[in-house]
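To start, the structure itself, in structure tokens.
The values are calculated or read from the model by the stated rules, or taken from the named source; none is laboratory data. Keep in mind that this is a model prediction, so the values were computed, not measured. Every residue, glycine as well, gets a Cβ built from its backbone with ideal geometry; the counts of neighbours run over all protein chains shown. Heads up: the accessible areas ignore ligands, DNA and RNA and are worked out on the full protein's heavy atoms, side chains in. Shrake-Rupley method; radii C 1.70, N 1.55, O 1.52, S 1.80 Å.
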Amino acid sequence: MQLWKGRFKKELSKTTNDFNSSISFDSRMFREDIEGSIAHATMLGRCGIIKTTEAGRIVQGLKEILSDIESGKLTFDPDAEDIHTFIEGELTERIGDDGKRLHTSRSRNDQVAVDIKLYLKKEVVNVRELLEELVKVIADKAEQYSDTVMPGYTHLQRAQPITFGHHLLAYAEMFLRDISRLDDCLKRMDEMPLGSCALAGTTYPINREITKELLGFDRVTNNSLDGVSDRDYCIEFSSVLSIIMVHLSRFSEEIIMWCSWEFKFIELDDAFSTGSSIMPQKKNPDIAELVRGKSGRVFGDTMTLLTVMKGIALAYNKDMQEDKEAIFDAVDTVKMCLTAFTPMLDTMRVIPENMRKAAAGGFINATDVADWLTKNGVPFRDAYKATGELVARCIELGTDLESLPLDEYKKVCNVFTDDVYNAISLEYCVSQRTAFGGPAPENVKAQAERVKNLVNKD
Ligand code: ARG
């Protein structure tokens with residue numbers, strides 16, 4: 001069934017119909033489509049554009065369709081052009097001529113826009129909730145491992161000692177920013193496009209405020225052309241989802257490294273690992289690898305949306321039907337990744353001894369030796385050079401800064417005293433890094449608390 005039959009003499013060919021149809025993917029918006037139509041019919045009735053009795057029968061019919069779809073009594077016709085056509089056709093079949101009045105002062109162009117917005121507004125909230133769950137798990141773990149010493153890296157080379165809790169909280173910051181990006185995105189998305197009609201608004205005395213109120217939008221769109229041709233909300237949401245995937249993917253990469261035998265900082269729970277069909281000893285971090293890999297899909301979805309939109313003249317063009325598969329895939333993928341990732345993180349076993357052991361190698365406290373000299377009056381640049389010489393001496397002697405005898409220290413710089421050994425113990429090094437934003441255990445505890453309060457407040 002097509003809504004636009006009158007002008008045409010021939011039936012659409014089967015292949016054209018299949019090519020043109022979007023019901024296989026837009027049927028997931030059936031609730032939003034019905035919700036939008038109920039609000040529209042109610043508004044038409046209240047404004048006297050159709051009779052209130054007609055509006056009442058339309059609303060009743062739509063409600064019945066909704067419950068029949070939900071119960072499985074009514075299934076989608078795969079040959080329908082789209083979800084809008086299907087529901088309007090079904091309504092008219094059920095209630096007759098009144099059904100034909102529903103589309104007064106409306107177009108599928110503003111209809112599809114309101115459907116997607118209603119659908120995505122809910123999904124933004126769903127993704128936000130999943131992110132909050134993840135941040136809670138991160139904050140709990142950070143608290144638990146606030147004084148666990150581990151190597152901090154730059155260039156994947158051991159750099160300076162930090163705490164595991166501090167490392168984890170870096171990810172909490174990323175995901176908190178993502179949450180605020182979602183909030184921003186939701187604010188901009190919260191504009192009701194119905195009433196834009198095909199492109200040029202309408203001559204009927206509609207009241208868009210009524211529809212807006214009924215559908216729970218913050219405001220109405222200001223320009224009818226923009227109302228039907230804007231897909232910024234898809235692009236913006238997908239962009240935020242892409243950034244979430246960047247963060248999840250980096251975290252996954254670290255988890256994959258950390259559970260290798262070379263690091264062995266953590267072990268993933270059996271429930272979140274897989275084996276090999278040939279190598280009996282293997283325990284693989286497939287979940288983290290899949291999350292890392294799926295980032296590519298979401299970036300691709302964002303690129304699809306940008307490319308679909310970049311060259312189309314105002315207002316609606318059928319290219320825009322391509323928006324849905326991309327944004328739905330991005331949303332589904334991120335939700336799936338978060339659903340798998342959070343419990344994987346929650347159940348991992350942390351191995352502090354191995355982190356400590358790794359931190360004890362690689363002259364990770366060299367900066368602290370230089371800082372000790374600086375605090376004892378040596379200019380930093382000279383202290384830096386002297387410490388470099390000490391590291392070279394350690395390498396020659398096959399030892400480390402903790403075990404290098406004091407006379408070797410004195411040979412390089414006679415300011416050194418016995419005190420230097422306390423100042424370069426790893427625990428001491430991290431405990432002194434109390435400047436705001438640093439890895440000292442007391443900072444980590446305070447930050448974990450702050451993060452928890454942020455995600456528990458709503
Ligand atoms: N299925 C279409 C879409 O997703 C609905 C809008 C159709 N509008 C039109 N003028 N053909 O974009």
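How large is the convex hull of the Cα atoms of the range 322-434 per residue, expressed in Å³ as a whole number?
193
Which percent of Cα-Cα pairs in the range 49-121 sits in each 10 Å bin, short to long?
Values per bin, smallest distances first: 18, 48, 32, 2.
With every protein chain left in place, what is the accessible area of residue 411 in Å² (1.4 Å probe, nearest 10)?
Residue 411 exposes around 140 Å² with every protein chain in place.
For the range 236-363, what are Rg and Dmax over the alpha carbons, in angstrom?
19.3, 63
Using heavy-atom solvent-accessible surface (probe 1.4 Å) with all chains present, what is the largest-first order of 100, 318, 10, 457?
10, 457, 100, 318
Translational D (Stokes-Einstein, µm²/s) of the range 1-129 at 37 °C and 0.692 mPa s when Rh comes from the Kirkwood sum over C-alpha pairs?
Estimated diffusion coefficient is 212 µm²/s.
Using θ = phi - 60° and the Karplus relation 6.51 cos²θ - 1.76 cosθ + 1.60, list the HN-Hα couplings for the range 6-18 in order, rounded to whole Hz, with x at every Gly or Pro.
Ordered by residue, 3J(HN,Hα) equals x, 7, 9, 9, 10, 6, 5, 5, 4, 5, 5, 4, 5 Hz.
For the range 85-190, how big is Rg over Rh, using alpha carbon atoms and the Kirkwood form of Rh?
Looking at the range 85-190, the ratio lands at 1.36.
In the range 124-167, how does Rg compare with the Kirkwood Rh, expressed as the Rg/Rh ratio over alpha carbon atoms?
Looking at the range 124-167, the ratio lands at 1.18.
Where does each of 403, 37 land when they are ordered by accessible area, with a 1.4 Å probe and the largest first?
Details: 403 75, 37 0 Å².
Sorted by accessible area, descending: 403, 37.
Per residue, how many Å² of accessible area does the chain show with a 1.4 Å probe?
Per-residue value: 47 Å².
Listed highest first by mean packing, meaning other Cβ atoms within 10 Å per residue, what order do 373-379, 387-393 come in?
For the peptides 373-379, 387-393, the packing ranking is 387-393, 373-379.
Keeping all protein chains in the complex and leaving out DNA, RNA and ligands, what accessible area do you get for residue 338 with a 1.4 Å probe, in Å² to the nearest 10?
0
In terms of the ratio Rg/(2.2 N^0.38 Å) built on C-alpha atoms, what value belongs to the range 157-300?
1.60
Ranked highest first by average number of other Cβ atoms within 10 Å, how do 46-52, 104-110 line up?
Highest mean packing first, the order is 104-110, 46-52.
How big is the accessible area of residue 174 in square angstrom, nearest 10, if you roll a 1.4 angstrom probe over the protein chains?
Taking all protein chains as shown, residue 174 has close to 30 Å².
Would you please give the residues with an amide H less than 5 Å from that of residue 192, counting only those at least 5 places away or on a separate chain, with H modeled from the backbone geometry?
219, 220, 221
Ordering 40, 155 by accessible area with a probe of 1.4 Å, largest first, what comes out?
Solvent-accessible surface, decreasing: 155, 40.
Sort 422-432, 325-335 for me by packing, meaning the mean count of neighbouring Cβ atoms within 10 Å per residue, highest on top.
On the way: 422-432: 17.4, 325-335: 21.4.
Ranking, from highest mean packing down: 325-335, 422-432.
Once every DSSP H run of n ≥ 4 in the chain is given -39500 (n - 2.57) and the sum is divided by its residues, what mean residue ellipticity at 222 nm do you get, rounded to the nearest 500 deg cm²/dmol?
When only DSSP H runs of four or more count, the value is -20500 deg cm²/dmol.
Between residue 152 and residues 5 or more places away or on another chain, which pairs have amide H atoms under 5 Å apart, with H built 1.01 Å from N, and which residues are they?
Here 159, 160, 162 satisfy the definition.
Using Cα-only point scatterers and the Debye equation, what is log10 of I(q)/I(0) for the chain at each q in 0.06, 0.10, 0.12, 0.13 Å⁻¹, rounded to two decimals?
-0.42, -0.83, -1.03, -1.13
Could you check what % of the DSSP bridge pairs in the chain are antiparallel, to the nearest 5?
Values: 9 of 11 bridges.
In the chain, approximately 80 percent of DSSP beta bridges are antiparallel ones.
Quick one: 3J(HN,Hα) in Hz for the range 340-357, Karplus 6.51/-1.76/1.60 with θ = phi - 60°, rounded, Gly and Pro as x.
Computed from phi, the couplings for the range 340-357 are 7, 6, 4, x, 4, 5, 4, 9, 5, 9, 8, 10, x, 4, 6, 5, 4, 4 Hz.
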